[in-house]
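Everything below concerns the one structure shown next.
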Amino acid sequence: MASAEFGAFGDAVRRWRDRIPPESAGITAVGQRRAAGLRREELALLAGISADYVTRLEQGRATRPSDQVVEALARALRLSVAERAHLFRLAGLAPPGPDTVPATLTPSVHRLLQRLAGTPVAVFDAAWTLLLANPLYSALLGERPDWRGHGRNGVWWTFLGPPGRVRQSPAARRAMESALVSDLRTTAGRYPSDPRLAELVAELRAKSPRFAELWESGSVGRHEAARKTVEHPGVGPLTLDCDILTVAGDDLRVMVYTAEPGTPDADRLTLLATTAATALAHASADTGSGTESIT
């Protein structure tokens, strides 16, 4: 991509970043700010990429962002369908077509996460790639910052990733694996031309004998609600209900964790929410104390 063309990409990112008030993105504005919009660090946090990479993108020093990075920026910047397609073209990439798994978050979904700030909530696409998580969800289950390959995909994480915080019996684990694979097969049937989905399935079949066995069974279905116990290193074990809501028109999955009121689990979740909010406020204050290069 020519440097002039990529300068236009950086200009677009910076312009769209400047129009988003931090409060609308769930970020508490702390300290004196030079602009009303998001800081680079705040955009990086929302998009799941490093602040240094955002800086290099805006300055035209990083010229080949992946489609995953561009998609993440488009979500964090709350771009319209036309703006998202424009950003892909500025990056020298073809915008995702109608036959690919949707990954656009509407303003109403953003508002849903804002209004459920005291509840762990995350949004996944139909192939179980994590699109957006609120701070409490990340505090509960841990960060997943790896953008390499399919590192933010829940099915990949289940079969090929490191152990997580959810404690399961062998029978519950097998049932979840079967439900996830059946769900992914259903999605693959709806989006047979999606190259990223095809790559995900190929990698899982090649590297996970368990996934390959379940995939070959040909079952189709949906991954739905469950009761889970999360072993949290800070507040101890929490047994929570995990419900999955579907945003039908956009084919998104909203995962919500709740505790039964009046139980020790509810108390621990409240404690975790307080801790997560304090950590987020401190992080926001730290980003406000730097120099011009990080705003």
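For the reader, a short list of remarks on this structure follows.
- For the chain, the longest site-free run once trypsin sites (Lys or Arg not before Pro) in DSSP loop states with at most 10 other Cβ atoms within 10 Å are removed: 149-295
- Model label sites at A225 and A175, defined 7 Å from Cα along the beta-carbon direction, differ in position by 1.4 nm.
- Shown for the chain: the carbon plus sulfur share of the solvent-accessible area, taken with all protein chains present and a 1.4 angstrom probe, equals 55%.
- One decimal place: the segment Q114-R34 gains 26.4 nm when fully extended, by the rule 0.36 nm per residue minus the C-alpha distance.
- Sorted largest first by accessible area at a 1.4 angstrom probe radius, with every protein chain in place, the residues E83, E224 fall in the order E224, E83.
- Cβ charges +1 (Lys, Arg) and -1 (Asp, Glu), total dipole of the stretch 57-135, debye: 240
- Once Cα Rg over 2.2 N^0.38 Å is calculated for the structure shown, the corresponding label among (i) 1.31; (ii) 1.15; (iii) 1.03 turns out to be (iii).
- Distance between the modelled labels on A85 and T106, one decimal in nanometres: 1.8 nm (7 Å Cα→Cβ projection).
- Solvent-accessible heavy-atom area per residue, rounded to whole Å², over the chain at 1.4 Å: 48
- Result for the chain in a Gaussian network model with C-alpha springs under 10 Å: among A51, A198, A171, the largest mean-square fluctuation is at A171.
- Summing Cβ point charges (Lys, Arg +1; Asp, Glu -1) relative to the Cα centre of the chain gives a dipole of roughly 220 debye.
- Lys, Arg +1 and Asp, Glu -1 on Cβ, resulting dipole of the stretch 96-253 about Cα centre, debye, nearest 20: 340
- The stretch between Q168 and T270, if pulled fully straight at 0.36 nm per residue, gains 34.4 nm over its current Cα-Cα span.
- When the Cα positions of V235, Y191, G151 are compared along the charge dipole of the chain, G151 comes out farthest toward the positive end, with charges on each C-beta of Lys, Arg, Asp and Glu.
- Of all complete DSSP H helices in the chain, those with a Cα span along the helix axis of 15 Å or greater and a mean Kyte-Doolittle hydropathy of -0.5 or more are 170-190, 195-207, 264-287.
- Counting only heavy atoms of the protein chains and using a 1.4 Å probe, D52 has close to 90 Å² of accessible surface.
The values are calculated or read from the model by the stated rules, or taken from the named source; none is laboratory data. Everything numeric in this text was worked out from a predicted model, so none of it was measured. Every residue, glycine as well, gets a Cβ built from its backbone with ideal geometry; the counts of neighbours run over all protein chains shown. These area figures cover heavy atoms from the full protein model, side chains too; ligands, DNA and RNA do not enter into them. Shrake-Rupley method; radii C 1.70, N 1.55, O 1.52, S 1.80 Å.
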